[in-house]
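Worksheet: the structure to be examined is printed underneath.
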């Protein structure tokens with residue numbers, strides 16, 4: 001991984017964080033933030049911790065896989 005994409009070396013102060021509309025507005029969820037060519041993910045209960053950083057393709061795969069795994073089967 002390149003140093004410029006290492007989360008500990010990145011500046012997240014200008015990121016606008018977005019909670020899912022499914023979260024109900026509480027603090028028990030994750031938040032997503034856009035960066036140039038990347039997507040950051042953080043725990044809403046611990047916003048000062050270093051976020052995880054993914055490529056757009058990786059975060060899309062994660063969301064699709066999670067949705068498929070949690071979908072009702074019937």
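No lab work stands behind these numbers, since they all come straight from the coordinates. Everything numeric in this text was worked out from a predicted model, so none of it was measured. Backbone-built Cβ (ideal geometry, glycine too); neighbour counts: all protein chains shown.
Mind checking which of 61, 44, 13 has the largest fluctuation in a GNM of the chain, springs on alpha carbons under 10 Å?
Evaluated over the chain, the most mobile residue of the options is 13.
Between 52, 62, 35, which gets the highest mean-square fluctuation from a Gaussian network model of the chain, Cα cutoff 10 Å?
So, out of 52, 62, 35, the one fluctuating most is 62.
Provide the percentage of antiparallel DSSP beta bridges, counting only those with both residues in the stretch 3-70; round to the nearest 5.
Working: 12 of 12 bridges.
In the stretch 3-70, DSSP labels about 100 percent of beta bridges as antiparallel.
Once both axes come from the Cα atoms, what is the angle between helix 56-70 and the longest principal axis of the chain, in degrees from 0 to 90, rounded to 10?
It works out to around 30 degrees.
Normalised by the residues of the chain, what does the relative contact order come to in percent, with Cα pairs under 8 Å and at least six apart?
Taking the mean separation of contacting Cα pairs over the length of the chain, I get 21 percent.
By how many nm would the segment from residue 22 to residue 58 lengthen if fully extended, with 0.36 nm per residue of separation less the alpha-carbon distance?
That works out to 10.9 nm of additional length.
If you wrap a convex hull around the C-alpha atoms of the chain and split its volume per residue, what is the figure in Å³? Provide the component values of the computation, followed by the final result.
Working: hull volume 7.8 nm³, N = 74.
It is 105 Å³ per residue.
Report the extension gain between residue 73 and residue 14 in nm, rounded to one decimal, defined as 0.36 nm multiplied by the number of residues separating them, less their alpha carbon distance.
17.2 nm
Test of understanding: in a Gaussian network model of the chain with alpha carbons linked when under 10 Å, which of 41, 53, 30 would top the mean-square fluctuation ranking?
Taking springs between Cα atoms under 10 Å, the residue moving most is 30.
Can you sort 43, 48 by how many other beta carbons sit within 10 Å, fewest first?
By the 10 Å Cβ count, ascending, the order reads 48, 43.
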